[in-house]
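Shown next, in C-alpha cells, is the structure this report addresses.
The values are calculated or read from the model by the stated rules, or taken from the named source; none is laboratory data. These figures come from a predicted structure and were not determined experimentally. Positions of Cβ are generated from backbone atoms using ideal geometry, with glycine treated the same way; all protein chains shown enter the neighbour counts. Just the protein is used for accessible areas: all its heavy atoms, side chains included, with ligands, DNA and RNA removed. Shrake-Rupley method; radii C 1.70, N 1.55, O 1.52, S 1.80 Å.
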Amino acid sequence: MKVIKRDGSTVDFDRSKIAKAIGKANESVDFEDRIDDREIEKIVDDIANRHRSRLLVEDIQDMVEEKLMELQKYQLMKSYILYRYERALIRKANTTDESILSLIKNANKDVMEENSNKNAHTAATQRDLIAGEVSKDLTRRILLPEYLAKAHDEGAIHFHDADYFIQPIFNCCLVNIGDMLDNGTVMNGKMIESPKSFQVACTVVTQIIASVASSQYGGQSVNVAHLGKYLRRTREKYRRQCDEKFGDTISEEEKNEIVEMRLKDELKAGVQTIQYQINTLMTTNGQSPFVTLFMYLDENDPYIEENAMIIEEILRQRYQGIKNEVGVYVTPAFPKLVYVLDENNCLKGGKYDYLTKLAVKCSSKRLYPDYISAKMMRKNYEGNVFSPMGCRSFLSPWKDENGNYKFEGRFNQGVVSINLPQCGILAKGDEKKFWEILEERLQLCFDALMVRHNALMGTVSDVSPVHWQYGAIARLDKGEKIDKYLFGGYSSISLGYIGLYEVTKLVKGVSHTDPEGEKFAVKVMKCLRDHCEKWKKETNIGFALYGTPAESLCYRFARIDKERFGTIPDVTDKGYYTNSYHVDVREHIDAFSKFKFESQFQEISSGGAISYVEIPNMRNNLTALEDVVKFIYDNIQYAEFNTKSDYCQVCGFDGEIIINDDNEWECPVCHNKDQRKMNVTRRTCGYLGENFWNVGKTKEIKARVLHL
C-alpha cells in the first residue's frame, strides 16, 4: 500500500507512524481515557487491511478518528485531533525540501516528465522547476482552501498550473501582433519601432514571442497575416532601389525579375529567422516559446497575395524540418501550425488549393499543420474566424465600444477540470445520484475558478510590461490595474473536463457513440455549458467550456480512480481516460465518422476543442489524406492527425523501432537508445499509457491492457 503525502509525493505505508501518532495522543490524556497497545494495533491492522493501493494521509487520519469514536474514547480522539493540528502547523513551515532536493538529483520523476518540452536536466530549466515546486507547495498549503486542495488530491477536480499560481500571471493569449508591429513596442526598456522590411519584422516578432512567453505559463498565437504588409514594403523598397540603379537601361520585365528574386530570398530568410529563433531561444521558464502560427487566407485582407507567399514558405520549411545536433532533419516541436480551410483553398477548385495540397503533404510527414474549417467556425462563433490561443483554447466573441469584434489582445485567466468518470463511479449506476454528484463537483470547480480569478484581481501592469503596457494585450499606464480586462467576457476562464466516454459507460452501460449513450453524453455536455453560462451571468466573468485540457490529466485521473476504486472494466482498467468528448481509441470507427460524431461536442465546447484521428504513414497516399481534409472543411471545426509510425529523431529513421537484446528501445539504423529522441507507439489495443517490462525480462512488452 502506498501513501500520498501532502506534498503529492508517494511513500510506502508505514504502520509504525500511525501507532506512534496514536501513542503521542495517548500519553496526553488520563489513564481511563487511554487505549492499550493491543487496541492500537487493532486500529492499525484495520487500516492496513483496507486493501487499497493508494491512500491520502488525511484519509488515514480520518480512519483513526473514526475508530477512536467507535471505542468511545472521546478525550483521546480530541487529543489526537489536537496532535494532528499541531503537526499541520509544523508542516506549514516548509514542505518543499524533499521534492526540490530530489529534483536537483534528477530523481523527481513526476516533475521531470510533466512537461515534455523541457529538459529537466539543465540548470536553467531546474530553476523554473524549483520555483514551481515552491509555488505548488504554497498553493496547496496557503492559497487554495483546504477543501479544494483535498478535491484536487483526490482527483475530483484538477487545479491546473499550480506551479505558477503564486505569481499574478495568466494562462494563454492571442498576441496583438498587428498593433505591436504597426505602432512599435518596448522590451527591456528599449524602444522597438515599426519595422521597415519583412526580415526585420520577422526578427521583431520572435523577440515579442520570447518576451511574451517569459511572462505567462500557457501558449500564445500569432497571426502571420500581419507580416504581409511588411513583405509588400520590402517589394516596394527593392523596386525603388532597382529603378534608382538601372533607370531605363533594362526592361520592366527584367526589373520585376530582379525584384522578385530578391524578395523571395528575403522571404525565405525571414521565415527561417522565425523558425530557428523560436527553436533556439530559451524563455525564462526553461523551454522554447509555446507558440502557434495562425495561417488564414482572408479574402478581405488587402495583403492576401503576400500572405499566401508567407504561408507557402512556412509550409515548405516545416516540411523540410530542422537539423538536429547530428545534422539530421527532424520535426521541431515549435512553432505549432494552424491552417484555415475556406472556400478559396478547400480543395474544390479554389485559387489557393495549391497551398492546401502543400499543407497536406506537410501533415503526412510532420503531422502539422492542424486544420480549422472557416465554414464551421463561422457557424459556431457569430461569423468570425480567429486563432486558438496557443493551440486549442478558444475565446468567445467580444465587441469593443465601437461594436467591432476583437480577438487579438485577449487571454485566458486559467483552467480547472472536472473528473467526469469519478462522478459516475460514485453514482454506482444511479443516474439521479449522478446528477446530484455532478452538481456538487461543478460547485467545487466554480469555487476553484473563482480562486484563480481573484488571484489576478488588483494586478498592476508593471508585472509584465510587454503584456499590459506595450501592446501584447493592452497599453495601460504604469501602476494601472488590469481588473477591467478580467470582466465582461474580454478574457475567458475555463472549465475543462475528462472522460465523457467513461462516464457514459458507467451511467448508461453503453458508449457515447451508441444512440442512448449519445443522448446522455450530449445532456452532460449541455449541463456543463449551461453552468458556464449561468456563472457568466452571475459574475460578469467569461466562463467557457474547454475540451482537451491536458493529455496527462487523462492518466492522472484514471490512476487515482483505479487505486481508490479498483479495476472497473472499460473504465479504470485501461490506464487512461479518454480526453474530453473523444471517441475511445479502441472503438472501430473510421476517420470520417469520428469527425462527424465529435463535431456536435465541439459546438458545445465553445471555449476550446480539437479532434484527431490516427493515421498510418500516408506519404505515398496523399489523395486519401486530401479527402479527409475536404471532409474536415464541411463537417468539423478543428482537427489534427496523429500517426502510428515510429520515428527516430537522431537519424530520421521512419519505421519500426526494435527492442534489442538488453530489452531496450533501439533505432535499427543509428542505434540510438535515448527514448526522449524517439517516437515509439504500440497501439495494438489502443492503450496510450507507459509500457513496462514483464517479470521475465523478455523482449515482450507488457502493457496494462494486452500483453504485446
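Asn188 passes every criterion in (1) modelled with pLDDT under 95; (2) under 16 Å from Ile274 (Cα atoms) apart from (2). Any residue at all in the range 473-482 that is open to solvent by 10 Å² or more (accessible area, probe 1.4 Å), under 30 Å from Glu193 (Cβ atoms) and outside any loop (DSSP other than H, G, I, E, B)? Scanning the range 473-482, I find at least one residue that is open to solvent by 10 Å² or more (accessible area, probe 1.4 Å), under 30 Å from Glu193 (Cβ atoms) and outside any loop (DSSP other than H, G, I, E, B), so the answer is yes.
If only residues of the range 555-574 that are out of contact with any helix residue (DSSP H, G or I) (no Cβ under 6 Å at 6 or more places or on another chain) and part of a loop (DSSP other than H, G, I, E, B) are counted, the one that is farthest from Ile636 (Cα to Cα) is Gly566. Selection of the range 530-560 for residues being at pLDDT 95 or above and acidic (Asp, Glu) yields Asp530, Glu533, Glu538. Among the residues of the range 495-503, is there at least one that is closer than 19 Å to Asn380 by Cβ, in contact with a strand residue (DSSP E or B) (Cβ under 8 Å, 6 or more places away or on another chain) and either at pLDDT below 95 or open to solvent by 60 Å² or more (accessible area, probe 1.4 Å) (or both)? For the range 495-503, residues closer than 19 Å to Asn380 by Cβ, in contact with a strand residue (DSSP E or B) (Cβ under 8 Å, 6 or more places away or on another chain) and either at pLDDT below 95 or open to solvent by 60 Å² or more (accessible area, probe 1.4 Å) (or both): absent.
The residues in the range 406-437 that are of a type outside the set (A, V, I, L, M) and either part of a loop (DSSP other than H, G, I, E, B) or closer than 14 Å to Ala151 by Cβ (or both) can be counted, and the count is 11.
Can you list residue pairs whose Cβ atoms sit under 8 Å apart, with the first residue in the range 182-200 being part of a helix (DSSP H, G or I) and the second being acidic (Asp, Glu)? Count only pairs 6 or more apart in sequence or on different chains. Close Cβ pairs satisfying both conditions: Phe198/Glu266; Gln199/Glu266.
Which residue out of Ala124, Ala120 is modelled with pLDDT under 65 and within 30 Å of Asn279 (Cα to Cα)? Matching residue, one of Ala124, Ala120: Ala120. From the list Leu506, Leu528, the lone residue that is touching a residue at least 60 places away in the same chain (Cβ under 8 Å), open to solvent by less than 10 Å² (accessible area, probe 1.4 Å) and aliphatic (A, V, I, L, M) is Leu528. Report, by residue number, each residue of the range 320-344 that is at pLDDT 95 or above and either open to solvent by less than 10 Å² (accessible area, probe 1.4 Å) or part of a helix (DSSP H, G or I) (or both). Correct list: Leu337, Val338, Tyr339, Val340, Leu341. Looking only at residues in the range 345-367 that are open to solvent by 30 Å² or more (accessible area, probe 1.4 Å) and touching a residue at least 60 places away in the same chain (Cβ under 8 Å), the one that is nearest to Glu408 (Cα to Cα) is Leu367. Of the residues making up the range 409-440, those that are touching a helix residue (DSSP H, G or I) at 6+ places or on another chain (Cβ under 6 Å) and open to solvent by 10 Å² or more (accessible area, probe 1.4 Å) are Ile425, Leu426, Glu431, Lys433, Ile437. Does Met295 meet the test of being at pLDDT 95 or above and open to solvent by 60 Å² or more (accessible area, probe 1.4 Å)? When the stated conditions are applied, Met295 does not pass them. Taken over the range 614-642, the criterion of being part of a helix (DSSP H, G or I) and farther than 15 Å from Met377 by Cβ is satisfied by Leu622, Thr623, Ala624, Leu625, Glu626, Asp627, Val628, Val629, Lys630, Phe631.
Within the range 11-56, which residues are open to solvent by less than 80 Å² (accessible area, probe 1.4 Å), over 23 Å from Gln72 (Cβ atoms) and free of Cβ contacts under 8 Å to residues at least 40 places away in the same chain? Those that are open to solvent by less than 80 Å² (accessible area, probe 1.4 Å), over 23 Å from Gln72 (Cβ atoms) and free of Cβ contacts under 8 Å to residues at least 40 places away in the same chain: Val11, Asp14, Ser16. Among residues that are part of a helix (DSSP H, G or I), in contact with a Lys or Arg (Cβ under 7 Å, 6 or more places away or on another chain) and in contact (Cβ under 8 Å) with a residue 24 or more places away in the chain, Leu263 is included. If you go through the range 461-518 and keep only what is of a type in the set (D, E, K, R) and either within 26 Å of the chain's Cα centre (by Cα) or within 21 Å of Thr548 (Cα to Cα) (or both), you end up with Asp483, Glu502, Lys505, Glu518. Among the residues of this structure, Gly184 counts as one that is surrounded by fewer than 21 Cβ atoms within 10 Å (Cβ to Cβ) and either within 15 Å of Ser288 (Cα to Cα) or touching a strand residue (DSSP E or B) at 6+ places or on another chain (Cβ under 7 Å) (or both). Residues of the range 579-613 that are open to solvent by 10 Å² or more (accessible area, probe 1.4 Å) and either part of a loop (DSSP other than H, G, I, E, B) or among the basic types (Lys, Arg) (or both): Val585, Arg586, Glu587, His588, Ile589, Asp590, Lys594, Lys596, Ser606. Output the number of residues of the range 438-472 satisfying the condition of being touching a Lys or Arg at 6+ places or on another chain (Cβ under 9 Å) and part of a helix (DSSP H, G or I). Qualifying residue count, the range 438-472: 4. For Lys264, are the conditions met, namely being open to solvent by 60 Å² or more (accessible area, probe 1.4 Å), farther than 19 Å from Val340 by Cβ, touching a helix residue (DSSP H, G or I) at 6+ places or on another chain (Cβ under 9 Å) and not hydrophobic (A, V, I, L, M, F, W, C)? For Lys264, the condition - open to solvent by 60 Å² or more (accessible area, probe 1.4 Å), farther than 19 Å from Val340 by Cβ, touching a helix residue (DSSP H, G or I) at 6+ places or on another chain (Cβ under 9 Å) and not hydrophobic (A, V, I, L, M, F, W, C) - is met.
Within the range 154-178, count every residue that is buried (at least 19 other Cβ atoms within 10 Å of the Cβ) and among the acidic types (Asp, Glu). Adding up the residues that qualify gives 2.
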